[in-house]
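Scroll down for the structure; my scribbles are underneath it.
Every read-out reported here was derived from the displayed coordinates using simple, explicitly stated rules and does not represent laboratory data. Not measured: the values here are computed from a predicted model. For neighbour counting, all protein chains shown are included, and Cβ atoms are generated from backbone atoms with ideal geometry for every residue, glycine included.
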Amino acid sequence: EETNSQDHRPPSGTQKPAPSPEPSMPNTALLIKNPLAATHEFKQACQLCYPKTGPKAGDYTYREGLEHKCKRDILLGRLRSSEDQTWKRIRPRPTKTSFVGSYYLCKDMINKQDCKYGDNCTFAYHQEEIDVWTEERKGTLNRDLLFDPLGGVKRGSLTIAKLLKEHQGIFTFLCEICFDSKPRIISKGTKDSPSVCSNLAAKHSFYNNKCLVHIVRSTSLKYSKIRQFQEHFQFDVCRHEVRYGCLREDSCHFAHSFIELKVWLLQQYSGMTHEDIVQESKKYWQQMEAHAGKASSGLGAPPTHGPSTFDLQMKFVCGQCWRNGQVVEPDKDLKYCSAKARHCWTKERRVLLVMSKAKRKWVSVRPLPSIRNFPQQYDLCIHAQNGRKCQYVGNCSFAHSPEERDMWTFMKENKILDMQQTYDMWLKKHNPGKPGEGTPISSREGEKQIQMPTDYADIMMGYHCWLCGKNSNSKKQWQQHIQSEKHKEKVFTSDSDASGWAYRFPMGEFRLCDRLQKGKACPDGDKCRCAHGQEELTEWLDRREVLKQKLAKARKDMLLCPRDDDFGKYNFLLQEDGNPAGAAPEAPVAPAVTGE
């Protein structure tokens, strides 16, 4: 896929590339690569040729052959294999939530009823919409570039404001030498010494070694380096980087993230430099902060409609004790929990409980899945509905109890963005005059309700683990992290596994099930250690190779101890002809970083 490697590091520079007058690059054809081309058909339409024909959400009809000047602002799609060959509208993917699970069909549309939320419904209306949304979120399909890849960019469809609105996060400069080190170190220029990077053990010249990075902070941290576009670069995302991490790194001619690809396109036809991009990013967030400041002025006062307080009894307890089945509140100084273990009492380590009237016991309530935007409605997790533990690896954005759903709905309707504020409102009604017990008053006053660029200040220094999306502030903390079982498990699991593979995770034996080969039913079912079909076996072998490559990348980036080759239940994936695979020669000692 990739062309010959470069012998030099691409300049991180700020020189202004001259915009091309006409799209003449041959490799731009790669932009219209469609991962759904074999299974789906797409076309563009407008309100004239795809008009609404009734009051219901799905009442649309495509008027084929209509002579008109089509605006082409509506995407239509249909499955090639489906008996239903009507063209269906693919609505824009909902981006105002932090939902990262699989998309589901709207229950109203499944039952052929009208959806009261219409275009604002965050559930898909049909399978074609699920397929497109899934590819869009993975970054493998962009509807703006699907039919007219470079024309859309020339018309100004890509701007920094639009990129940040869609992908969130910020653009900033980091020290490139630290960023490319093994393991990765996050450092930037400081206010006191802007010409030197904040890694005091190295003190690199920041002006000569800075690189543009896009940072997103959600349930984890993601840093995406944006290399300066060069003529020999290809307008496509590197397939190796998407699967397990590209071993060629900066010498690769393909984009290593969809945000990098979009910035390249933007640079190619706007002439923006990396300096321009950072300034535009700052300007965008200054506008957002000003808007948030106006909105927060009336945040504490409940609206004239809806409930003014949450009626269920609630309290904060120690999260560590709660995991052990104990309900333990803080001491009077709000520094430790009142148990013998005296766990530290911090905002991150506490859990809010509400008393369930139905179960007559305490039920935990998680913070809102997204504090930036609210969905139209909150629904119960299908696992919780069936009385099972949620199997989702990440932060499930479906409520795990009716009480959690009611709390989230109350916060949405009253535009309350923080659990502490909900608790304070409840406490004020039921215990007037009594101060809040969740956190000290001084710290509550300083809490920010909306995540802004200032919230990124604490992640501009330290070791970074891209497997877990976490930073470590010292060498000792880093060693503890990379030796943890939870970290090592990340080599073999990821949030995208569920949507990336069609069959089970390999169960232990890379061969076909003997019983099924003899035409008999396998009594072990999904627990069988062997593959239940040639397709599953083929995927297992492919999956094993991907995991081996991912392990090799993790070792190269020093995300594992040099001689650590014990991965517990995953060891069978690394066995080949009786010999363990994936062992690496001893790596150099991790570079030092300040803050130890």
Prolate/oblate/rounded call for the range 59-136, Cα gyration tensor, a/c under 1.5 rounded: prolate
Additional length obtainable on full extension of the chain from K415 to D333, 0.36 nm per residue less Cα span: 26.5 nm
Anisotropy class of the range 149-294 from Cα gyration tensor, a/c 1.5 cut: oblate
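Based on the Cβ-Cβ distance of K429 and K476, what FRET efficiency does E = 1/(1 + (r/R0)^6) give at R0 = 41 Å, to the nearest 0.05?
Values: r = 46 Å, r/R0 = 1.13.
Efficiency, rounded to the nearest 0.05: 0.35.
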Derived scalar couplings ³J(HN,Hα) [the range 198-215; Karplus, 6.51 cos²θ - 1.76 cosθ + 1.60; whole Hz; x for Gly, Pro]: 6, 7, 5, 6, 10, 6, 5, 5, 6, 4, 8, 10, 8, 9, 7, 9, 9, 10
Other-chain or far-sequence residues with amide H under 5 Å of Y104's (modelled H): A124
For R184, residues with placed amide H under 5 Å, excluding near neighbours: H464
Entries in K210/K476; K357/K415; K165/K389; K107/K470 that, when Cα-Cα distance is taken, lie over 31 Å: K165/K389; K107/K470
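In debye, nearest 20: dipole of the range 149-294 around its Cα centre with unit charges on the Cβ of K, R (+) and D, E (-)?
The dipole of the range 149-294 has a size of about 360 debye.
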The range 203-250: C-alpha pair distances exceeding 14 Å, %: 68
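Can you sort Y336, Y378 by how many other beta carbons sit within 10 Å, fewest first? All intermediate terms of the calculation are to be shown ahead of the outcome.
Working: Y336 14, Y378 19.
Result, fewest neighbours first: Y336, Y378.
Decide, for the range 326-376, between rounded, prolate and oblate: order the square roots of the alpha carbon gyration tensor eigenvalues as a ≥ b ≥ c, take rounded if a/c falls under 1.5, and otherwise choose prolate if a/b is larger than b/c, else oblate. Walk me through the intermediate numbers first.
Working: a/c = 3.56, a/b = 1.42, b/c = 2.51.
In terms of gyration-tensor shape, oblate.
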Gain upon complete extension [K52, A358; 0.36 nm per residue less C-alpha separation]: 105.7 nm
Residues Q385 and T86, FRET efficiency given R0 of 30 Å [Cβ-Cβ distance, rounded to 0.05]: 0.40
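Of K315/K429; K162/K282; K225/K475, which pairs sit farther than 18 Å apart, going by alpha carbon to alpha carbon?
Working: K315/K429 14 Å; K162/K282 14 Å; K225/K475 23 Å.
Going by Cα-Cα distance, K225/K475 fall outside the 18 Å limit.
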Under 5 Å, built H, 5+ apart or other chain: amide partners of G169: R217
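Roughly speaking, what is the stretch gain from L247 to T140, that is 0.36 nm per residue apart minus the C-alpha to C-alpha distance, in nm to one decimal?
Values: separation 107, 0.36 × 107 = 38.52 nm, distance 2.00 nm.
Taking L247 through T140 to full extension adds about 36.5 nm, to one decimal.
Kindly put E41, E67, E260 in sequence by how many other C-beta atoms sit within 10 Å of each C-beta, fewest to most.
Numbers: E41 14, E67 6, E260 23.
With the sparsest Cβ surroundings first, the list reads E67, E41, E260.
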Ellipsoid equivalent to the range 496-580 - semi-axes via the Cα gyration tensor, in Å: 28, 14, 10
Separation in nanometres of the label points that stand 7 Å from Cα toward Cβ, at D542 and E41: 2.6
Burial ordering of E166, E535, fewest other beta-carbon atoms within 10 Å first: E535, E166
